[in-house]
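Only one structure is covered here, and it is reproduced in the block below.
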Amino acid sequence: MTSAYLFPQTIEETLGMLRQHAGRARIIAGGTDLMLQIKQGKYQVETFVDITRVPELNGIRLTDDGYIWVGAATTHRQVWESPIIQEHASVLAEACRAVGALQIQNVGTLGGNVVNAMPAADGSIALTALSAEAQIAAPYERYWTDLLEVFSRPGVCKIDPSAELLVAFRFKALGRRAGSAFERLARRRALSLPILNCGVVVQLNEAGDRFEHAAIALGPVAPTPFRARGAEAILAGAPVNEDTIRAAAHRAMEESDPRSNILRASREYRKDMVEVLTRRALERAVQQALARA
């Protein structure tokens, strides 16, 4: 039974409250996943620590060194409405716009989407495509780590909920000759978990006729958000044309390993759609990159 609802004002105060309640407290922001999990009996929570009033966990900014910083308690709507995200990381804007209905986007947070650790979480897939890092506050230090290091297995992340706090994300802002795109397949956009999703980032050379590098993130095709490294290798240095894109999309299909789900789709259907969604996302990302001369 919940006995307290606390509102820390700083990260240090938040960590202190977690220590004080020794595993009996849970961080809450939007609560869109947590409250459902409590109702299902996954957690027994005595104390909620609400981080929505901690200024350091909110907001979006473009730093002097060309990175975009996003606070973990920033809502999905704040993300997709941000001019910075729309201009320099549209894959994330598209992903956050796809998360549930507008009511969920108004309160659900990007950090919550990540720590819920589902392999097809829209925000996680987009951040993976952006090669994002996550900042973690622990009792005696703060540190940055590759986003993929946060995930353990479906529904479980490596951040200790009794002692640690996800603070923020950072990733390089996309500039000239760079583009990104997000594709999502679901039975009903606003309500369903996706059958499949795909986030892509591409960087073209100055002439716009070759890929310099690319990132392709997929879910749920593995226990955690997945980078299609083989497909990315095909794109690196290759000419920008339909054959290259189709070859990379086919390789992404080959290296993916989705599971059948009776409520969503079979493994075979998902593998086929990996190729389709990857091709679509790459085509859109290239068009965006060519427009950003």
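The values are calculated or read from the model by the stated rules, or taken from the named source; none is laboratory data. Remember, it's a predicted structure, so these values are computed and weren't measured experimentally. As a convention, Cβ positions derive from the backbone with ideal geometry for all residues, glycine included, and neighbour counts pool all protein chains shown.
Descriptive notes on the structure:
- Any hit, the range 48-57, residues being surrounded by fewer than 19 Cβ atoms within 10 Å (Cβ to Cβ) and in contact (Cβ under 8 Å) with a residue 60 or more places away in the chain: yes
- Residues in the range 162-184 that are surrounded by fewer than 15 Cβ atoms within 10 Å (Cβ to Cβ) and more than 22 Å from Y67 (Cβ to Cβ): S162, A163.
- Residues that are more than 15 Å from W69 (Cβ to Cβ) and touching a Leu at 6+ places or on another chain (Cβ under 9 Å), drawn from the range 124-145: S124, I125, A126, T128, A129, A138, P139
- Listed by first and then second residue, the pairs with beta-carbon distance under 6 Å, at least 6 apart or on different chains, first residue in the range 150-171 and on the phi > 0 side of the Ramachandran plot, second surrounded by 14 or more Cβ atoms within 10 Å (Cβ to Cβ), are G155/A117.
- Taken residue by residue, the range 123-138 has at least one member that is modelled with pLDDT of 95 or more, of a type outside the set (A, V, I, L, M, F, W, C) and at positive phi.
- Cβ-Cβ under 6 Å pairs, at least 6 apart or on other chains, the range 10-26 side of a type in the set (A, V, I, L, M, F, W, C), far side in a strand (DSSP E or B) and surrounded by 19 or more Cβ atoms within 10 Å (Cβ to Cβ): I11/A137; M17/V49; L18/A25; A25/V49
- Count of residues meeting criterion [without any contact (Cβ under 8 Å) to a residue 60 or more places away in the chain and aliphatic (A, V, I, L, M)] in the range 248-290: 7
- Residue within the range 193-208 that is modelled with pLDDT of 95 or more and among the charged types (D, E, K, R) present: yes
- Here A217, A252, A285 are screened, and the one residue that is in contact with a Gly (Cβ under 6 Å, 6 or more places away or on another chain), closer than 25 Å to A117 by Cα and buried (at least 23 other Cβ atoms within 10 Å of the Cβ) is A217.
- A single entry from T63, T74 fulfils the requirement of being surrounded by fewer than 14 Cβ atoms within 10 Å (Cβ to Cβ) and of a type in the set (V, I, T): T63.
- Qualifying positions in the range 105-116 - crowded, with 22+ Cβ neighbours inside 10 Å and hydrophobic (A, V, I, L, M, F, W, C): L110, V114, V115
- Residue in the range 219-241 that is farthest from A289 (Cα to Cα), counting only those that are in contact with a Pro (Cβ under 8 Å, 6 or more places away or on another chain) and not hydroxyl-bearing (S, T, Y): P223
- Qualifying positions in the range 107-130 - in a helix (DSSP H, G or I), of a type in the set (A, V, I, L, M, F, W, C) and within 18 Å of I28 (Cα to Cα): V107, L110, V114, V115
- Listed conditions (1) of a type in the set (S, T, Y); (2) touching a helix residue (DSSP H, G or I) at 6+ places or on another chain (Cβ under 8 Å); (3) surrounded by fewer than 17 Cβ atoms within 10 Å (Cβ to Cβ) are all met by Y5, apart from (2).
- Among the residues making up the range 131-149, a single one is free of Cβ contacts under 8 Å to residues at least 60 places away in the same chain, surrounded by fewer than 22 Cβ atoms within 10 Å (Cβ to Cβ) and assigned to a loop (DSSP other than H, G, I, E, B): Y140.
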